[in-house]
Amino acid sequence: MNWQPLLLSLQVTVVATMLMVVCGVPLALLLARRRFRGAALVETLVSLPLVLPPTVVGYYLLLVLGRGSPTVEWFGWQILFTWGAAAIASAIMGFPLFVLSARAAIAGVDPVLEHAARTLGSSELEVTRRVTLPLARRGILAGLVLGATRALGEFGATLMVAGSIPGRTQTLPLALYDAVQNRQYDQANVMVLLLTVLAFVSLWAVRRFEQPRQSFAASAISPQERL
Amino acid sequence: MTRTGSADLARASCLSADFALQRPDFSLTVRLEVGSEILVLFGPSGSGKTTTLNALAGLLAPDRGQIMLDGQILFRRNPEAKLVNVPARRRRVGYVFQNYALFPHLTARENIGFPLRGPDRQHRVDELLKRMNLAHLADRYPHELSGGQQQRVAIARTLASDPRMLLLDEPFSALDTAVRQHLQRDLLALQRELALPVIYVTHRLEDAFAVGQRLAVMHDGQLEQVGPIADVFRYPASPQVAEIMGIPNLFRARVTTAHADGLVLDWDGLELSALPQAIALGSMVTAYIRPEDVKILYPDRPLAEAVRDNLVTGRIVMSRPHPGGRVLHLALPNLYEIEVRHAAYTYAPLGLQVGDEVRLSLRRDALVVLSR
């Protein structure tokens, strides 16, 4: 068994997840807490990778990252057919799962708690850091796991922008495809098992995250006197 | 709304608010001066009480007007001057929210420490825990605390932010009577100690009487009357205020007997007995009886236990229908009128007509004596 694709997959997933968090948390805050023109448009755009064929997303990425694009012409940033391109493609495919989940979690935080923090002297940044995000953290974590799992399993867009170069851009799903093409069913079985277990474990984890301990839900509601 | 005596003008005012706000379905006008005292903002739900607090705390901006605290302009919006709107976090207006708004992911200790930073943070938190009798509960989460305990944590947390004023929104509404009375006494003591302006929002008359010094009656976004509580009761500025108070049969009486068996009140010549209560002999009290609790007696039937006390004769001066029954106005021997409500089917055999004399019982157990 060649472990290279697994390691590469993990590397791509970790970087993709970091990209999702860095871009996704501010966007989720914005969508949950601010009313602005075009919010619906932004939300639709973010959700688009959920329903588009991954190859379409990959094609857009080729336009954005390929020869003649600003990234290459202005910054000299040659990222196509490297593992970096795979990470970007995976991040975009996992992004809607993360943002929508985080947005819902943030919208579920009682705004009165944020008001309370303001009257206690907190700046908006502190309100976010000390109240909103900690209270939304289960939903955010659930979104993170979902997004990461989606990134791990990404195939189509990755193939378009990073190819399937063994040892360089060939992630686990791509290696699986190769193995089947070459009738290496032993290897394919191992990879299928691995990907299935990872997906199962992460969905299991999401369930756990989304069932809040009673504690948090209970206290915002009218308290019963128990002196 | 001008029943503010000269005593009010002499008071060194700490908060002065005069603002208005317009929404499609609601408009709010507030003009208030609050010194070092507890002002009760009283009114039915939806009358604008919480909106008023939010404006004072800086959580929403009025359309025009000015809010000043201790000589500092917190908010000013008018055509002649530059807009001032100090953000909530810089106002130092302590706000105890309805249902307390404790941070559910933090312990009591962490909640109280929330506004604090710096080296003596721990020390200050310990101090507040001790003074609010919370030391043994410091490491509990809000859901592990009773309503009264949560309330004390909320007040301690507000105090930690070193406020210049306190706003309390229905602070005791979710608590049972014994706990409420205890916390009301604590609040009075706290106000005396800190000498801050306190605005206390409630829709419960008993709460208003227990803690308030002055009362501001709010209705439909307007302040109908502001004044000492007893005055507002005795001289409602408008029928509206009387109605908001919801007490038709309100009267002032002197306590002529007070012992363990009960009170005897002298209501301008009419002796009434009431349930025992800790009230000083000779003091003037405000009391009322709900119109539903005045019982008309059948002359030919034996008296039930509950209606043997406070028997008086009344003459019917008015009778009109109301949803579900009738309203009678009866003139009592002391020349006051009392309102009686009853279901349409009761008293039918008596054939009550205007001008008739009837015997009444002002049920002893239904006579409410407000402790001030």
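The values are calculated or read from the model by the stated rules, or taken from the named source; none is laboratory data. Everything quoted here is computed from the prediction, not taken from an experiment. Every residue, glycine as well, gets a Cβ built from its backbone with ideal geometry; the counts of neighbours run over all protein chains shown. Heads up: the accessible areas ignore ligands, DNA and RNA and are worked out on the full protein's heavy atoms, side chains in. Shrake-Rupley method; radii C 1.70, N 1.55, O 1.52, S 1.80 Å.
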Q | Whole-Å distance, taken between Cα centres, linking segment B:35-49 and segment A:78-146 | A | 39 Å
Q. If ligands, DNA and RNA are left out, what is the accessible area of B:Glu337 with a 1.4 Å probe, given in Å² to the nearest 10?
A. 110 Å²
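Please work out how much length the chain gains when fully extended from A:Val112 to A:Arg208, using 0.36 nm per residue of separation minus the C-alpha to C-alpha distance, in nm with one decimal.
Result for the pair: 31.9 nm of gain on full extension.
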Q: Apply the Debye scattering formula to chain A, with a single equal point scatterer on each alpha-carbon and no solvent, then give log10 I(q)/I(0) at q = 0.13, 0.15, 0.18 Å⁻¹.
A: -0.84, -1.03, -1.28
Q.
Under 18 Å between alpha carbons, and skipping anything fewer than 8 positions from B:Lys82 in its own chain: which aspartates and glutamates qualify?
A. B:Asp18, B:Asp63
Q.
For segment B:193-277, which GluC sites (Glu not before Pro) pass both filters: DSSP loop (anything but H, G, I, E, B) and at most 15 other C-beta atoms within 10 Å?
A. none
**Q.** Value of relative contact order over chain B, rounded to a whole percent, pairs C-alpha under 8 Å and six or more apart
**A.** 16 percent
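Hey, with R₀ at 41 Å, roughly what FRET efficiency would B:Lys130 and B:Thr346 work out to, going by the Cβ-Cβ distance, to 0.05?
Details: r = 57 Å, r/R0 = 1.39.
In this case the efficiency is close to 0.10.
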Q: For segment A:81-192, just say rounded, prolate or oblate: build the C-alpha gyration tensor, square-root its eigenvalues into a ≥ b ≥ c, call rounded for a/c under 1.5, and beyond that prolate if a/b exceeds b/c, oblate if not.
A: prolate
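Can you give the Kirkwood hydrodynamic radius for segment B:251-370, in Å, rounded to one decimal and based on Cα pairs?
14.9 Å
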Q. Where in segment A:1-53 are there trypsin sites (Lys or Arg not before Pro) that are in a DSSP coil and have at most 13 other Cβ atoms within 10 angstrom of their Cβ?
A. A:Arg34, A:Arg35, A:Arg37
Q. Counting pairs of alpha carbon atoms under 8 Å apart in space and at least six apart in sequence, what relative contact order in percent does chain A give?
A. 29 percent
**Q.** Two-site label geometry, A:Phe75 and B:Arg64: point separation in nm, points 7 Å out along Cα→Cβ
**A.** 5.2 nm
**Q.** Cα Rg over Rh - chain B, Kirkwood
**A.** 1.04
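With only alpha-carbon atoms in the gyration tensor, what are the semi-axes of the equivalent ellipsoid for segment A:52-111, in Å, largest first?
Taking √(5λ) for each Cα gyration eigenvalue gives 30, 13, 10 Å.
Please list the helices of chain A that count as membrane-span-like by this rule: a mean Kyte-Doolittle hydropathy of at least 0.5 together with Cα atoms stretching 30 Å or more along the helix axis, each helix being a complete DSSP H run.
Working: long enough: A:4-33 (43 Å, 1.79); A:83-107 (35 Å, 1.58); A:185-210 (37 Å, 1.01).
Helix filter hits for chain A: A:4-33, A:83-107, A:185-210.
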Q: Report, as an integer, the average count of C-beta atoms from other chains found within 10 Å of each Cβ along B:156-163.
A: 2
Q) What aspartates and glutamates sit close enough to B:Lys130 to cross-link, taking a C-alpha to C-alpha distance under 18 Å and skipping anything fewer than 8 places away on the same chain? A) B:Glu110, B:Asp120, B:Asp139, B:Asp162, B:Asp186, B:Glu193
Q: Work out the P(r) tail for the protein assembly as shown: percent of alpha carbon pairs separated by more than 33 Å, whole number.
A: 61 percent
